[in-house]
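Taking it in order: structure first as structure tokens, then the write-up.
The values are calculated or read from the model by the stated rules, or taken from the named source; none is laboratory data. Predicted model only: the values in this text are computed from it and were never measured. Cβ placement follows ideal geometry from the backbone for every residue including glycine, while neighbour counts extend to all protein chains displayed. Side chains are part of the model used for accessible areas, which takes the heavy atoms of the whole protein and leaves out ligands, DNA and RNA. Shrake-Rupley method; radii C 1.70, N 1.55, O 1.52, S 1.80 Å.
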Amino acid sequence: MREFVQLFTRLDQTTKTTRKVELLVDYFGQANDQDRLWAIAILSGRRPKRSVKSSLLRQWAASLAGIPDWLMDDSYHVVGDLAETIALVLRPPVRTQNRSLTEWINTVKGLALLTDEEKQEVILSAWESMTTAERFVFNKLITGSFRVGVSQKLIIKAIARFEEQEENAIAHRLMGNWTPDTTDYENLIRSSNPADDDSRPYPFYLAYALEAEPATLGSPDLWQIERKWDGIRGQVIVREGEVYVWSRGEELVTAKFPEFHPLASLLPDGTVIDGEILPFKDEKPLSFNVLQTRIGRKNVTKKIRESAPVILMCYDLLEYNGEDIRARPLGERRALLEQLVAGVTEPGILYLSEVLEINDWSEAVDARAQSRENLSEGLMVKRMDSAYRSGRKKGDWWKWKIDPLTVDAVMIYAQQGHGRRANLFTDYTFAVWKGEELVPFTKAYSGLTDKEFKEITSWVKRNTRERFGPVRSVKPEQVFEIAFEGINASSRHKSGIALRFPRMLRWRKDKPAGEANTLADLQQMLIQYG
Amino acid sequence: MQDGFKKDDLLQFTERGIWCPPADIYIDPWRPVKRAMITHGHSDHSRYGHDSYLCTTQAAPAIKYRLGDINLQTVDFGKRTVINGVEFSFHPAGHILGSAQIRVAYKGEVWVASGDYKLENDGLAEPFESVPCHTFITESTFGLPIYDWKPQEEVFAAINDWWRANAAEGKVSLITAYSLGKAQRIIQSLDTSIGKIYTHGAVENMNEVMRAQGVPLAPTTRVTQEIAPKDYPGHLVIAPPSALNSSWIKKFKPLSRAVASGWMSLRGARRRRSVERGFVLSDHVDWKDLNAAVDATGAERVIVTHGYTNIYTKYLNEKGILAQAAQTEFSNEGDDVKEESAESGKTES
């Protein structure tokens, strides 16, 4: 594990992506196949199942460090990361260890079969043999995901360089639900026939936001313009008589959407469609909020299917008759998609995302202005001759979203962030006026610069009214402009409303708290846009 | 007692600072007072506007340099000064050169106000001296068990390794550290066989002050307009933390940046600075030394100031040491913010 810990430490010490790729390539060169595969798995979020409660880890660490439990908890609030807190509070090691990454991972996996007492024994013994950096990595293996500032893109780049293969090919091989237990390095990365996994999706092509005037894109004839639908981006795959549904977050969600199961016999084998899983009723999309009610459910009951039915709004065709057609021009893929969707005899499952007829960019401006009425987020602008690329790439596809809704609100609670934002107050609760009373209606965490967070942190410390554990109530003085994508009625919130994607647009230092918006203003928005 | 003196009140925390009523003197006051005793020259302890100042002989040059024309008297470490029957003496705090803990004794009652301090002998500040007392006033800047410093030799070896690697790649190494104290602590530990040491003006000003009082610092060169940018690669530059976000560093190319601070213990803090390296180096006590210092005083009561005040107070009380938190205007941000305020203080003068 020493080499992996060193890799981790060095990745943490640089902000340069070229350097990170070099470090990864160096590591791949010295690791054996097993360790290399596990390193790739861990860095791309495939860690062993969590089998120890974090409350137990805290207790064990506190007792080994000789500090009271509450001090361990307070330390955790300051550090913002449990794995790191434990690594820091423990006293120096009494032994050294020399086991490989794979051996340690096997230890972590083995924990699941042990009693709590046995787990404690294994973990304490491990801690006593490790340096601070090793403990941190080990704790991360037990507790959570690694965030090392290494994106999937960088990992792909490094493997591609190490293997002297195309990045796109590596990106595709890394998709899907493999783990080092279900495959090996040779098969995953090097075998000539990687399509052994029928469920394997293609990397999604993601668009950048269009910030320039659309006229800068040239003639609208060169572009395919569609609505940007507000659901879950997904891929529906039919291979060997089976259907697989993937979300953009690379999660296999087939079981959650039984609506798509009939496609196994309705679509030919070797079909992969990119589209939006959209709540839809009476030939119209429903609010995203409707979909949200069923995402978290374990069982998709008949009742849920009736209240929140979904369809696939089809955008693109990636595989046709078993052939990867991503390199063909969009226009050609679209024609095949239309033909395929038309061939599906059962209605109400697949819909084609309408291509808007735009002869002049001013018509696109008008269409975009109608987005909210259509329950869409704006427009997608795709070059007619574009290939389906992998990851976020500039130039061929643009998302042209509508401006968010905004409201001015007063900060009433602040809480410290985690990880990179530990020690800074970055998580706020906001309220609007109802008469003389401030009613909390949303939380927001993002949208400000580090400098602003620092300034607010210093303000929070000086203007704290009460402390509730890590949360502080503050003087209701600071006003922020909150932007959000949608507004819905909610019985779970005191204010009676729930916002979609709330974030801070700017800190309104110029605005006194008394001039913030009211609950009535929000209710008006709810009637208009809800 | 006849004069109304209660031993619990030998030093009181008032809105002006830490006040000793029988002597009518303040320790490190934050509002203007008649008579101030100063533990050390950092700006949150040593402020403008007092009628008279008393500090150690070794601390005086930096304080004078920063505060200009003030009415300043000095006293040697360990020497007793009696005011209205109250006995005062200054004892090494190990924080920076000349920094002191102030011992206050009256009618058999002994208090120690320790200012900022550390136990490790850094080779520059006079080594910390443990002073037995009834009541000990302590900082708690790094008063959590997550803060655990390595011996400075290890940290300096890592700094020199980093510099050496950068020099081999033709890079400039920029390290930030506060200009009074830590910058010189680093300078005296650098391996000058690697290259030259350049300094930001704020650091070089303090170097000059210390050299004038006889501290043998390695040769350093002030960064000026006259030096061509091509002369920097391979060498090291020391600057105050505020320089990191300024255009001043633009002339150093290609650059590797590092921060030397106790806060660099935490990954989040390191990443937030977005510098390549964070070296954990502080002039304050870490958790183990804080507890060692408190234990060594034998104090029956501890008053906890700037830092993790409430947490450390609770910890001591659970351990059976009577402790209470006190509000001060000392910076509880430790290494960094203190320095920035020190720099802005300088520009005002």
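Please give the length that would be gained between A:Ala215 and A:Glu332 if that part of the chain were fully extended, namely 0.36 nm times their separation in residues minus their C-alpha to C-alpha distance (nm, one decimal).
On the way: separation 117, 0.36 × 117 = 42.12 nm, distance 2.47 nm.
Taking A:Ala215 through A:Glu332 to full extension adds about 39.7 nm, to one decimal.
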Dipole of segment A:316-474, positive end: most advanced residue of A:Ile402, A:Phe425, A:Ala444 [Cβ charges, Cα centre]: A:Phe425
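If you add up the charges near A:Phe484, with Lys and Arg at +1 and Asp and Glu at -1, over every other residue whose beta carbon is less than 10 angstrom from its beta carbon, what do you get? Can you show the working numbers first?
Values: positive: A:Arg500, A:Arg503; negative: A:Glu485.
Charge balance near A:Phe484 sits at +1.
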Approximate shape of the protein assembly as shown as ellipsoid semi-axes (Cα gyration tensor, √5λ), whole Å, largest first: 58, 32, 28
A:Thr15-B:Ile83 pseudo-label distance in nm [points 7 Å out on the Cα-to-Cβ vector]: 4.7
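So what's the back-of-envelope 222 nm ellipticity for chain A, counting only DSSP H runs of four-plus at -39500 (n - 2.57) apiece and dividing by all residues, rounded to 500? Don't skip to the answer; put the middle values down first.
Values: 18 runs with 186 residues, N = 530.
Only helices count here, giving -10500 deg cm²/dmol.
How much length, in nm to one decimal, is gained on full extension between A:Ala255 and A:Arg492, taken as 0.36 nm per residue of separation minus their Cα-Cα distance?
82.6 nm
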Label-point separation in nm, B:Gln213 to A:Glu103, each point 7 Å along Cα→Cβ: 5.4
Computed E for A:Glu437/A:Thr115 - FRET, C-beta separation, R0 51 angstrom, nearest 0.05: 0.50
Cα pair distances in chain B, grouped into 10 Å bins until the bin that holds the longest one, percent each: 5, 26, 33, 22, 10, 3, 0, 0
Lys/Arg +1, Asp/Glu -1 at C-beta; segment A:205-401 dipole; positive extreme among A:Val310, A:Leu210, A:Ile273: A:Val310
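Hey, with R₀ at 35 Å, roughly what FRET efficiency would A:Ser362 and A:Ser446 work out to, going by the Cβ-Cβ distance, to 0.05? Walk me through the intermediate numbers first.
Numbers: r = 34 Å, r/R0 = 0.96.
It comes to 0.55.
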Accessible area buried at the B-A interface, both sides summed, 1.4 Å probe (Å², nearest 100): 2400
With all protein chains modelled, accessible area of A:His418 [1.4 Å, Å²]: 100
Long-range HN-HN contacts of B:Gly278 with modeled amide H, under 5 Å: B:Val259
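Please give me the summed charge of the neighbours of A:Gly447: other residues whose Cβ is under 11 Å from its Cβ, Lys and Arg +1, Asp and Glu -1. Walk me through the numbers on the way to the answer.
Details: positive: A:Arg503, A:Arg506; negative: A:Glu452, A:Glu481.
Result for the neighbourhood of A:Gly447: 0.
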Between segment A:275-294 and segment B:274-307, the Cα center-to-center distance that results, in Å: 57
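Can you tell me the length gained on complete extension of the stretch A:Asp510 to A:Lys394, counting 0.36 nm per residue apart and subtracting the Cα distance?
On the way: separation 116, 0.36 × 116 = 41.76 nm, distance 3.68 nm.
Full extension from A:Asp510 to A:Lys394 adds 38.1 nm.
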Distant-in-sequence amide H partners of A:Lys228 (H built 1.01 Å from N, under 5 Å): A:Glu377, A:Gly378, A:Leu379, A:Met380
Solvent-accessible area lost in complex, 20 Å² minimum, residues of segment A:88-123 relative to chain alone, 1.4 Å: A:Leu88, A:Val89
Qualifying chymotrypsin sites (Phe, Trp or Tyr not before Pro) in segment B:24-96, DSSP loop, other Cβ atoms within 10 Å at most 12: none
Dipole magnitude of segment A:205-401 about its Cα centre (Cβ charges: Lys, Arg +1; Asp, Glu -1), debye to nearest 20: 900
Chain A: antiparallel DSSP beta bridges as a percent of all, rounded to 5: 90
Rounded to the nearest 20 debye, dipole of segment A:405-529 from Cβ charges on Lys, Arg, Asp, Glu: 520
Descending principal axes extents, segment A:205-401, alpha-carbon based, whole Å: 48, 37, 29
Per-residue [θ]222 nm for chain B (sum of -39500 (n - 2.57) over DSSP H runs n ≥ 4, rounded to 500): -7500 deg cm²/dmol
Förster radius 25 Å - calculated FRET efficiency between B:Asp69 and B:Phe13, Cβ distance, rounded to 0.05: 0.25
Karplus-derived 3J(HN,Hα), 6.51/-1.76/1.60, for each residue of segment A:428-439, Hz, glycine and proline x: 10, 10, 10, 9, 10, 7, 10, x, 8, 9, 9, 9
Estimated dipole of the protein assembly as shown in Debye, rounded to 20 [Cβ of Lys and Arg +1, of Asp and Glu -1, Cα centre]: 760
Among B:Thr224, B:Pro241, B:Leu266 the positive-end extreme of the charge dipole of segment B:152-279 (Cβ point charges): B:Leu266
Loop-located GluC sites (Glu not before Pro) in segment A:300-366 whose Cβ has at most 15 other Cβ within 10 Å (DSSP): A:Glu354, A:Glu357
Amide H within-cut-off set for B:Val237, under 5 Å, with H built and near neighbours excluded: B:Ser173, B:Leu174, B:Ile175, B:Tyr198
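When N counts the residues of segment A:405-529, how does its alpha-carbon radius of gyration compare numerically with 2.2 N^0.38 Å, as a ratio? Walk me through the intermediate numbers first.
Working: Rg = 13.9 Å, N = 125, 2.2 N^0.38 = 13.8 Å.
Rounded to two decimals, the normalised Rg is 1.01.
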Residue-wise HN-Hα coupling along segment A:45-55, computed from phi with Karplus coefficients 6.51, -1.76, 1.60 (Hz; x: Gly, Pro): x, 9, 9, x, 4, 6, 10, 10, 5, 5, 5
Segment A:520-528 - phi-based ³J(HN,Hα) in whole Hz, Karplus 6.51/-1.76/1.60, Gly and Pro as x: 4, 4, 5, 5, 4, 4, 5, 5, 6
Segment A:403-469, accessible area per residue, ligands and nucleic acids excluded (1.4 Å, Å²): 49
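From the cross-link list B:Lys171/B:Lys251; A:Lys119/B:Lys314; A:Lys228/A:Lys443; A:Lys16/B:Lys250, which pairs have alpha carbons spaced over 20 Å apart?
On the way: B:Lys171/B:Lys251 12 Å; A:Lys119/B:Lys314 31 Å; A:Lys228/A:Lys443 26 Å; A:Lys16/B:Lys250 18 Å.
Flagged as over cut-off: A:Lys119/B:Lys314; A:Lys228/A:Lys443.
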Volume of the Cα convex hull of segment A:2-143, divided per residue and given in Å³: 107
Over segment B:109-176 - Rg/Rh using Cα atoms and the Kirkwood inverse-distance radius: 1.15
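Please identify every one of the trypsin sites (Lys or Arg not before Pro) in segment A:285-359 that sits in a loop by DSSP and has no more than 10 other beta carbons within 10 Å of its own beta carbon.
Details: sites: A:Arg294, A:Arg297, A:Lys298, A:Lys302, A:Lys303, A:Arg305, A:Arg326, A:Arg333, A:Arg334; in loops: A:Arg297, A:Lys298, A:Arg326.
Those satisfying the criteria are A:Lys298.
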P(r), alpha carbons of segment B:189-337 - 5 Å bins starting at zero, rounded %: 2, 7, 13, 15, 15, 13, 11, 9, 7, 4, 2, 1, 0
